[in-house]
Amino acid sequence: MINVTDLTGLAGATLALTASLPLAPPIRRLKRIHIGMLMGAAAIVVSAPIGPLPLAAYARGWFGDLSVTTNVLLVIGIFPHLSGRRLVDRGQETAICRLVAVTALVFYPLALGLGPFDPYRLGYGSPWFLTGLLTLALGAWIGRFHLITTCIALAVLAHAMAWNESTNLWDYLLDPLVSIYAIFVVLSGVVRAVARSGGRDAC
Amino acid sequence: MTEPAGPVFTRGRTLVLVILLVGFGAGFVKSFERAPAGFFQPRSIGGAVDAKPRFETRFVSGGETPQTHAPSLVELNDGGVRAFWFAGSREGAKDVEIHTAVFHPARAVWRGESPVASRAGTQRSLLRYIRKLGNPVAVRAANGQIRLFYVTVSLGGWGGSSVTMTTSADDGKTWTPARRLITTPFFNLGTLVKGTPFLYDDGTLGVPVYHEMIGKFGELLRLDKTGAVIDKQRLSSGNDSLQPVVLAQSDRNATVLMRYAGKQPPKRVLRVSTDDAGQHWSHPEKSALSNPGAALSGVVLADGRVLVALNDVEGNRDQLSLVASRDGGVTWKTVITLENQPGVRGHPLDRARYLETAEALARDSDATLSDPAGHARAAAAQMCRGAGCGFEFSYPYLIQARNGEFHLVYTWNRSFIKHLRFNQAWLDQRSGETGNDQRH
């Protein structure tokens, strides 16, 4: 019988694969209803077994289960293409991209072996790590960065409910895909800002 | 698409606070349920069941595949021993499977070689693409089930590895669907298993693993009774240590030996230790044991001695020895050199001479072999290259059974798995004979 964590993992992979569709210029020009139908059809295609596994399973084999942050940002990214409205203010996205980019630049080198300290270990239920995250989430809430607060809180909740295959909280907060995306967006924002002397960030 | 209209969620400050409180409420409850740090549970197996020295050798695998490698062992409830190894056309090939066979001590035979895990089967269980399989290790968990851990790769070479686990409640006759352990944050890449897993006193499981992507360093996983990863510790860092083996001498003291993967001579086994049940580990230092950068295995005897099987020369894997230490791995003495082909070290043999030597070695290894020449040909197929032929006796895996007997398996010329069975009386006899032997 299929595990819940397999279902959530495959659903995340399906979301990631279909979310990229509206980025293609020919598809962006379609009506919203047609984009929605196309994405629905694509979701069925990538979830259906082709050969031994569905395409989503191959994608999951390569990039693993997606973090809550990635899933939330994918939904935020898809939403305007389907509804014509943003889900959250652009400033919220900018703030979380900056936080993810800075965290990833510190976290991944240490977690992959730079030095004896392994921050990934904190994700196995350290109450101090959880307290630090709570402080950060509360600070973001006070500062009205609600997307940051929501992503952190949903990640902690999903970890407590064993939503994904991983037992480590870090895997619910962050993954390499959202980290690469956030670093790219922040860097391109910086480049644009320098070029235009005060241009606005995209994320 | 035209520029989207204003955001849907412009308010909802209270809703966000509710999500925060619910999320962290659940998070802290889970955090408080976390198992406290465990103590080691050193095995205290007494002397041999008989006083007569026993030393036997034979082959485990029957040559069903061209290449075999990386064996491991687990004792069964009936006193038998089950071996696991990977087998296929070549290391890293898509046809590599995890094979198993059972040793019956009374009859002194290995029976029932069969695959226990395949790439396709693992792929179906994990619902993700799997490119190849690697090292298997097995352990009996506190609840009596056997847990088999093996390396799976979805992407790239061994650096793209992760560890997969399957469980058997009937001593290896049937297995649960495989599940993947998540051990690194970067696409779960880079973790491999080789060292013998062990039990903590609270029933949780310690699984020595190593990271081999960008850096190369040893790590120790702790798994709860359901097999979920609940902790991970770094035993070393940097780019020069692999395949840790944890040797617990008491509930708080343990020595870890690791394969040195650096380039700085001399090539020695790395050693770290703890005296607080793994809360803190010493900085890795080179031990007195020479090693070419190859896997090793060991057990702790009831009298506190540490017994290790390894390639104890710097250059090649053509010499395999048993060595012992009475001081937790600081000084070592050779118990016996099990395999040794120094004559060919650095001077590859031509095929004809290799076949002759390998046939003699096969015959000496297993007196019941009907076709030792066939074993030699299989070895030559793996070990002969353009420059000539060499020998390899590598990846030892050593356990002590409940009756005090020792079982050692290792890769024999990449083509067969060889098994040694010996007892405490033989070991004591050898240790006495080599009392003044070469000190490492």
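The values are calculated or read from the model by the stated rules, or taken from the named source; none is laboratory data. This structure is a prediction, so every number in the text was calculated from the model and none was measured. Neighbour counts are summed over all protein chains in view; Cβ atoms, including those assigned to glycine, are modelled from backbone coordinates with ideal geometry. Accessible surface areas use protein heavy atoms only, side chains included; no ligands, DNA or RNA. Shrake-Rupley method; radii C 1.70, N 1.55, O 1.52, S 1.80 Å.
Side notes on the structure shown:
- Taken over the range B:277-299, the criterion of being hydroxyl-bearing (Ser, Thr, Tyr) and open to solvent by 20 Å² or more (accessible area, probe 1.4 Å) is satisfied by B:282, B:290.
- Number of the condition not met by residue B:91 [criteria: (1) within 30 Å of residue B:215 (Cβ to Cβ); (2) surrounded by 19 or more Cβ atoms within 10 Å (Cβ to Cβ)]: (2)
- Selected residue [farther than 23 Å from residue B:189 by Cα, in contact (Cβ under 8 Å) with a residue 24 or more places away in the chain and within 12 Å of chain B (Cβ to nearest Cβ)] from A:152, A:96, A:148: A:148
- First in the range B:229-240 and modelled with pLDDT of 95 or more, second anywhere and of a type in the set (S, T, N, Q) and buried (at least 19 other Cβ atoms within 10 Å of the Cβ), Cβ under 6 Å, 6 or more apart: B:229/A:167
- The set of residues from the range A:69-86 being more than 10 Å from every other protein chain (Cβ to nearest Cβ) and farther than 17 Å from residue A:37 by Cα comprises A:69, A:70, A:71, A:72, A:73, A:74.
- When residues in the range B:189-203 are screened for being at pLDDT 95 or above and assigned to a loop (DSSP other than H, G, I, E, B), 4 of them pass.
- Put simply, of B:162, B:125 the only residue that is touching a residue at least 24 places away in the same chain (Cβ under 8 Å) and either surrounded by fewer than 17 Cβ atoms within 10 Å (Cβ to Cβ) or part of a helix (DSSP H, G or I) (or both) is B:125.
- Residue, least open to solvent (accessible area, probe 1.4 Å), within the range A:118-129, restricted to residues that are more than 7 Å from chain B (Cβ to nearest Cβ) and not small (Gly, Ala, Ser): A:119
- One residue stands out among those in the range B:59-88 that are in a loop (DSSP other than H, G, I, E, B) and of a type in the set (D, E, K, R): the one that is farthest from residue B:399 (Cα to Cα), which is B:64.
- Restricting the range B:172-188 to residues that are in a loop (DSSP other than H, G, I, E, B) and open to solvent by 20 Å² or more (accessible area, probe 1.4 Å), the residue that is nearest to residue B:126 (Cα to Cα): B:177
- Of all residues in the range A:1-22, those satisfying the criterion of being away from chain B (no Cβ under 11 Å), open to solvent by 30 Å² or more (accessible area, probe 1.4 Å) and among the hydrophobic types (A, V, I, L, M, F, W, C) are A:4, A:11, A:15, A:17, A:21.
- Odd one out for residue B:120 among (1) within 11 Å of another protein chain (Cβ to nearest Cβ); (2) among the small types (Gly, Ala, Ser); (3) in a strand (DSSP E or B): (3)
- Pairs meeting the criteria (first residue in the range B:183-203 and under 21 Å from residue B:254 (Cα atoms) and more than 14 Å from chain A (Cβ to nearest Cβ), second residue among the charged types (D, E, K, R) and surrounded by fewer than 22 Cβ atoms within 10 Å (Cβ to Cβ), beta carbons under 6 Å, at least 6 apart or on different chains) are B:203/B:225.
- Count of residues meeting criterion [on the phi < 0 side of the Ramachandran plot and assigned to a loop (DSSP other than H, G, I, E, B)] in the range B:128-146: 8
- For the range A:39-61, the tally of residues that are more than 22 Å from residue B:153 (Cα to Cα) and either open to solvent by 70 Å² or more (accessible area, probe 1.4 Å) or within 9 Å of chain B (Cβ to nearest Cβ) (or both) stands at 2.
- For residue A:31, the conditions (1) buried (at least 20 other Cβ atoms within 10 Å of the Cβ); (2) at the interface with chain B (Cβ under 10 Å from one of its Cβ atoms) all hold with the exception of (1).
- Positions within the range A:57-93 being more than 21 Å from residue A:183 (Cβ to Cβ) and free of Cβ contacts under 8 Å to residues at least 40 places away in the same chain, in sequence order: A:58, A:61, A:79, A:80, A:85, A:86, A:87, A:89
- All of (1) among the β-branched types (Val, Ile, Thr); (2) open to solvent by 60 Å² or more (accessible area, probe 1.4 Å); (3) farther than 24 Å from residue B:431 by Cα hold for residue B:330 with one exception: (3).
- Of B:318, B:350, B:364, all but one fail to be at pLDDT 90 or above and either of a type in the set (Gly, Ala, Ser) or surrounded by fewer than 21 Cβ atoms within 10 Å (Cβ to Cβ) (or both); the exception is B:364.
- Only one entry in A:64, A:115, A:132, A:139 is out of contact with any helix residue (DSSP H, G or I) (no Cβ under 6 Å at 6 or more places or on another chain), facing another protein chain (nearest Cβ under 10 Å), farther than 28 Å from residue B:130 by Cβ and open to solvent by less than 50 Å² (accessible area, probe 1.4 Å), namely A:115.
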